[in-house]
Amino acid sequence: QEKSDFRVAWSIYVGWMPWGYLEESGIMDKWADKYGIDVEIVQINDYVESINQYTAGAFDGVSATNMDTLSIPSGGGVDTTALIVGDFSNGNDAVIVKGDGSLASLAGKPVNLVELSVSHYLLARALDSVGLREADLDGVINTSDADMIAAFSTDDVEAVVTWNPLVSTILEDPNATKLFDSSDIPGEIIDLMVVNTETLEANPDFGKAMVGAWYEVMGLMAAGDAEVLTAMAEASGTDLAGYKAQLASTEMFYDPVDAVSFTQSAELPSTMASVAEFLFDKGILGEGAPSADFVGVAYPDGSTTGDANNVQFRFDTTYMQMAADGAL
Amino acid sequence: MSFVTATDIFQFYGRRPILERVNVSVEEGEFISIVGASGCGKSTFLRLLLAQERPTRGEIRVADAPPAVEPGLDRGVVFQKYSVFPHMTVRENIVAGESFRSRFGWFSGAAKTKARKRADDTLARIGLDHVANQYPATLSGGMQQRLAIGQALAAKPRILLLDEPFGALDPGTRLSMHDFLTELRAETGMTVFMVTHDLEEGFKLGDRVLVFDKPRWDPTDPNAYGATITYDFDARDGGIPFQRIEEDTHVLQPA
Amino acid sequence: MSFVTATDIFQFYGRRPILERVNVSVEEGEFISIVGASGCGKSTFLRLLLAQERPTRGEIRVADAPPAVEPGLDRGVVFQKYSVFPHMTVRENIVAGESFRSRFGWFSGAAKTKARKRADDTLARIGLDHVANQYPATLSGGMQQRLAIGQALAAKPRILLLDEPFGALDPGTRLSMHDFLTELRAETGMTVFMVTHDLEEGFKLGDRVLVFDKPRWDPTDPNAYGATITYDFDARDGGIPFQRIEEDTHVLQPA
Amino acid sequence: MRLINRQPGVVLKTTLVALPFLLAFVAYSIGSEIRLAENPSDKLLPAPSTIAETAERLFTQPDRRSDRILLWHDTAASLQRLVLGVGIASALATIIGLLIGLLPHVRATLAGFVAVLSMIPPLAVLPILFIVFGLGELSKVVLIIVGILPFLIRDLSQRVLEIPRETIVKAETLGASSLVIALRVALPQLMPRLIQAVRLSLGPAWLFLIAAEAIASEQGLGYRIFLVRRFLAMDVILTYVIWITFLAFMMDLALRRLSQKLFPWTEAGL
Amino acid sequence: MRLINRQPGVVLKTTLVALPFLLAFVAYSIGSEIRLAENPSDKLLPAPSTIAETAERLFTQPDRRSDRILLWHDTAASLQRLVLGVGIASALATIIGLLIGLLPHVRATLAGFVAVLSMIPPLAVLPILFIVFGLGELSKVVLIIVGILPFLIRDLSQRVLEIPRETIVKAETLGASSLVIALRVALPQLMPRLIQAVRLSLGPAWLFLIAAEAIASEQGLGYRIFLVRRFLAMDVILTYVIWITFLAFMMDLALRRLSQKLFPWTEAGL
Ligand SMILES: Nc1ncnc2c1ncn2[C@@H]1O[C@H](COP(=O)(O)OP(=O)(O)OP(=O)(O)O)[C@@H](O)[C@H]1O
Ligand SMILES: Nc1ncnc2c1ncn2[C@@H]1O[C@H](COP(=O)(O)OP(=O)(O)OP(=O)(O)O)[C@@H](O)[C@H]1O
Ligand SMILES: [Mg+2]
Ligand SMILES: [Mg+2]
């Protein structure tokens, strides 16, 4: 149904920092006014909680990864559209051990990570690459991201999988060795702004305002605007240099054209299929899920993976294309 | 007709009989002392008179009205302990005797001023005017009981029930409380029931002394039977019968 | 020399005097009753005798030994309440009278068997053998106090201190406790100090009756002065002086 | 008749007891119904029947991945931590409580310190605990101990102080040493209060257990709840919450029974 | 002389009181020293001097980005939530406690339900609370209320039941209605116990506040601790922990004073 007030949630992560800046700088308001609507951008400390809240209907959109979107809102029957494909992790997520070692040496070791998160997925892919399985480890230990750094400094912990800015902090420890990171599986961990499909269909202006505002900031970032970047750096608890270092391992789509072409690429469906397989394997798609194909994902060209009769996750380049065309 | 009549009262707690077939009638203005061994049911009988509990069988009528179902304005009571409100000053305690029957238990404006005035009169009469603004906890036991009686009387009940009112007091204080109670009673002419452990006290103050005891006794199970009124003395001759009963009942047998 | 001597005892709590210049000496085997108004310091004096507290000034000596600094085996005590261990059965309470002086407070093996045997004898003597395995809470007040006295005696103290031991009992039970105590005392010939509220009881049981009272009295500040021994009666003639003192002291004045 | 004097009859009483549970159930069912009507695969308020199915599955069917019935493993892991934590805390609190309550020197030393310690919010010092005690079982047990020990010590030392001075003086006149007084007079009288105090601290103990398991763990009831939060499996969360509530309730009941059984002298009245 | 009878003198006593604080400080300093000697940039146990500097900075210097002194803002935000939560819970508990304690019908209806509710670990239902009450201020206040209300209700209704029946019967004989008994007899006697109960539940209230702020918040003491926990900024965490402890201690003290001030009749003895 049509409405004029929208709320979207975001949480602190390199590629999502623009959302905070959008709200603070008034750029979002500017774009919302242009379309005669109101958009409130709310920061949530706890990433999972923000997605849960979106799924429960408290928000119209949320910043999330492709994997969590598939498992939580889409798996929960909330038809969700990826409005903005912001970036993919290109080194921001990493498998780190204490001392020297290789992926193969992880066998028989416990690994601390946020279970069922993209870290878990990264670990699964890393193990795949050397022919190991999770069962070959001495278990994975669910560890809150808030305590990952503290955890790494205890003797119990031998290996962790986590994301930035924690990765860079942990790697400051001379004893820490990075074994594998998301640059080894480029394009598989994708950071999105997803919105409720129904809401978007009923309110195209909402999509236009969001995308317009986003790419205005992207333009500023691409130009290396120090003021903008510093604001984002401080909001994420680091300094300009630290933030730039994080951006270096993030493949930001500053230009909507890049985002569109990435979204339309042939790799995306196979990535999503492998993510779905992972989720199904972990039982995250719900015990009722008969197979990994339980939830359908639709792509810009109209093709789908998974159950075509149960499409709950849509990659839609319409709005990004408008930005690319300068039609906003 | 008598003022208070108890007819065939039985009281059980669970399956245990406490009182059995208690019958008594009392004229208006009589002072009834109740004595008996510890645990024989004196307080229970008082609770029945108060309508705090209803008897398992039988009924108690006051002035031929239907049996009361709960305590009310017509019956005043003073217990051995906890008889005044600890959170109110002495004066407030007396005012409560009048104000509690109002909608919210508060007086305000002129009613308040008047009630305080009357309370101060009462306090002067019971000799507590010098501590009107103190809290009960700062008073001696005797003063607290005097306050409790004053408070009960402020509500102008038709019957006053006293459960060992002086049980926790010094012998000296006790004697002065006897005088106090005798005076008050002469003034108001109220019907009084007083439970006491002290036979002497019972005979000194009472017009009649009711002795509660078990008429039947099962040595293997002391709780098999309840108590009833075994003696009903006329004590108006000033306590002389005291010596006479001492041998007859086992009120005074070692526990 | 006397057995117990208290010399020039002063006791202050903070700046408030409770006892002033108390002097008394007692022969071995005497039964001393202590009476006085509520709050005048009787229990305080007993605590000093017990060495639970040390006097602000003056000293108390027993058998010319240096003043004790804490309660010990030579002084037994029975309070009005809490005088037995609630978590032990009646028999264990008596055994405790002997076993507590051992390293861990426990007897085992033969010592245990013997102590239980002796405890059963004691229980038989004090008439509690039928409840040996019950806990104190299931006993009547009189039985509890009998147990407390039996326990105190099991430790064979040289002095027995009683603080209103029968204060919470029925008149009937009280009388039987008097007999019990008189008997026990005849057997052991112990020195006894007993605080009581009941003048009659004091004179009935005591060889001497000490009356504590304030010799000076400041009407504006009742706490300005402490109490001392104002009368020291010889009561061996069986309580007759009772009537004589009633007028002389203000022990019995209304509180 | 005044409301305060009106007693419900047996039938009415039973109805009244059941009423709020029923109302809560009905309210939930309706809420669930409404949401499910909108979105049949809504996970937020699963239908009671779904919860029942999930519960049955959780209680009886082994996990596909590990071939173990996870709920029982979680329960065993959590209970072990809880019992260890509460047990150690109780033992420590009893000893320290006795010392504080009985010995003036110890009281002077520790009473103020414990009062200040009890004000520190344990969740805030979690990172320190992790570093000092590692991430293993130990740290979870320690968090429980740190969480409830100050309260237990304060409560128990207070109880020791409340033991009637008369009993202690009596023991002294029977020749008891400080040790005997502690062991034979104070300790036995403290035990019923200990059970009481443990009952009171079980709530916080569960809380700290769940908090610790949420932060770093491989199994446990709190771990599972926070894990499945990742895919909003409310049917699992609710089953676990009901199960934890049931466990907590049974523990409380067991302790109450135990106290009645072990310490007849506290209950027996004339 | 037995240990239990040995009293420390005034000087010794003061020393003993200070001793454990001193020891804790020295132990920390040594630990910090050792770690810093090994790795001068160790963040875990910052030197006391570093903490002092950080504390000074936090208390006095405005944040560059927002130009506000964050610590004061965090304190204001947290205290507001805490006071609201505890205040509302107390008010509700007083009313419900009075009803349960005085009216047999309400007692039958609610006593069991509240007992079961009090067994639910609030942290486990945190996700549910967030979903039902959203992530705003409301949810934090609600978590505090949900966390402490069952305890408060149980405690206060118990206290109402403990009011000597004699006082209530006396009020009845003075013609008091149920309402008057509740307002003029039970309520005033409940107030000191309420303060007592609030003091006891302040600890859990802080806990729930910190837990709630950790998950969704933009300011607040718990929020800041969890935010900087990601970077292991122990100097900030410790400053905040000490500050929270101090606040909790002062609140406790204030409540105790308040109780003595407001209810002289509970203290005054003959
Ligand atoms: N509410 C009750 N439920 C069960 N038993 C009760 C109840 N109230 C009193 N009793 C029992 O009834 C008996 C009589 O009690 P009551 O208080 O009437 O005795 P009493 O004569 O007043 O004794 P005392 O002189 O000690 O005050 C006692 O054995 C007591 O245990
Ligand atoms: N530890 C104490 N600290 C301060 N004051 C005390 C202490 N113990 C007793 N008092 C006060 O000392 C006075 C005497 O108390 P004590 O108990 O000796 O009186 P008592 O004669 O035994 O009275 P009662 O007949 O009521 O037992 C009382 O006013 C009491 O308030
Ligand atoms: Mg009675
Ligand atoms: Mg005394």
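Each value in this text was obtained by applying a stated rule to the coordinates, not by laboratory testing. Since the structure is predicted, the reported quantities are computational estimates derived from the model, not experimental observations. Neighbour counts are summed over all protein chains in view; Cβ atoms, including those assigned to glycine, are modelled from backbone coordinates with ideal geometry.
Points worth noting:
- In this rough spin-label picture, where each label sits 7 Å from Cα along the Cβ direction, the A:ASP325-C:THR5 distance is 12.0 nm.
- Positive end of the dipole of the protein assembly as shown (Cβ unit charges, origin at the Cα centre): among A:ALA209, A:TYR254, D:PHE133, the Cα lying farthest that way belongs to D:PHE133.
- Shown for chain A is the translational diffusion coefficient from the Stokes-Einstein equation, using the Kirkwood radius over Cα pairs, a temperature of 20 °C and a viscosity of 1.002 mPa s: 107 µm²/s.
- Relative packing of D:236-248, C:170-182, which averages over residues the other C-beta atoms within 10 Å, highest first: D:236-248, C:170-182
- Put in order of Cβ neighbour count within 10 Å, fewest first, the listed residues C:ASP232, D:ASP74, E:ASP252 become C:ASP232, E:ASP252, D:ASP74.
- The stretch E:230-265 and the stretch C:87-119: distance between their alpha carbon centers, rounded to Å: 49 Å
- For chain B, the alpha-carbon coordinates run over 62, 40, 34 Å along the three principal axes, in decreasing order.
- Mean shadow area of the stretch D:72-266 over all directions, Cα convex hull, nm²: 12.2 nm²
- Note on the stretch D:18-152: Cα-only Rg and Dmax are 22.5, 68 Å.
- Reduced Cα scattering model of the stretch D:1-86, Debye log10 I(q)/I(0), q = 0.16, 0.27 Å⁻¹: -0.89, -1.16
- Value of [θ]222 nm, deg cm²/dmol, for the protein assembly as shown, DSSP H segments ≥ 4, -39500 (n - 2.57) each, nearest 500: -16000 deg cm²/dmol
- Listed from fewest to most Cβ neighbours within 10 Å, the set C:ARG185, E:ARG159 follows the order C:ARG185, E:ARG159.
- Cβ crowding within 10 Å averaged over residues, with A:222-232, D:18-28 ranked highest first: A:222-232, D:18-28
- Within the stretch E:50-113, trypsin sites (Lys or Arg not before Pro) in DSSP loop having at most 13 other beta-carbon neighbours inside 10 Å: E:ARG64, E:ARG65, E:ARG68
- Taking amide H positions as modeled 1.01 Å from N, with prolines and chain starts lacking one, the residues under 5 Å from B:TYR13 and 5 or more places away or on another chain are B:ILE18.
- Counting Cβ atoms of other protein chains within 10 Å of each residue's Cβ and taking the mean over peptide D:129-138 gives 5.
- DSSP beta bridges in the protein assembly as shown [antiparallel fraction, %, rounded to 5]: 55 percent
- Quarter of Cα convex hull surface for the stretch C:2-55, i.e. mean projection, nm²: 3.9 nm²
- Peptide A:5-12 shows a mean partner chain C-beta count of 1 within 10 Å per residue C-beta.
- Inter-chain Cβ neighbour count for E:223-236, averaged per residue, equals 5 (cutoff 10 Å, partner chain atoms only).
- Segments A:114-120, A:263-269, D:179-185, B:98-104 sorted - mean Cβ within 10 Å per residue, highest first: A:114-120, D:179-185, B:98-104, A:263-269
- Percentage relative contact order, chain E, counting C-alpha pairs under 8 Å, at least six apart: 23 percent
- Of all DSSP bridge pairs formed entirely within chain B, close to 50 percent run antiparallel.
- Alpha-carbon centroids, the stretch A:243-268 and the stretch A:1-77: separation in whole Å: 19 Å
- On the beta carbon distance between D:ARG57 and C:ALA137, with R0 = 41 Å, the FRET formula returns roughly 0.20.
- Charge dipole (debye, nearest 20) of the stretch B:59-131; +1 at Cβ of Lys and Arg, -1 at Cβ of Asp and Glu: 300 debye
- Note on B:LYS117 and E:GLU137: their simple-model spin labels are 5.1 nm apart, each label 7 Å out from Cα toward Cβ.
- Cα centroid separation - the stretch A:278-323 against the stretch D:185-221, whole Å: 46 Å
- Radius of gyration, Dmax [the protein assembly as shown; alpha carbons; angstrom]: 39.0, 125
- Per the Debye calculation on the stretch A:210-288 with a single equal scatterer at every Cα and no solvent contribution, log₁₀ I(q)/I(0) for q = 0.13, 0.14 Å⁻¹ amounts to -0.63, -0.69.
- Whole-number percent relative contact order across chain A, with pairs defined as alpha carbons under 8 Å at least 6 apart: 25 percent
- Viscosity 1.002 mPa s, 20 °C: Kirkwood-radius Stokes-Einstein D of the stretch C:1-125 over Cα pairs, µm²/s: 126 µm²/s
- Amide H contacts under 5 Å for A:GLU40, placed H, 5+ residues apart: A:PHE6, A:ARG7, A:VAL8
- For the stretch B:28-35, the Karplus equation 6.51 cos²θ - 1.76 cosθ + 1.60, evaluated at θ = phi - 60°, returns couplings of 4, x, 6, 10, 9, 8, 10, 10 Hz by residue, with Gly and Pro reported as x.
- Net charge dipole size for chain A [Lys, Arg +1 and Asp, Glu -1 on Cβ; Debye, nearest 20]: 260 debye
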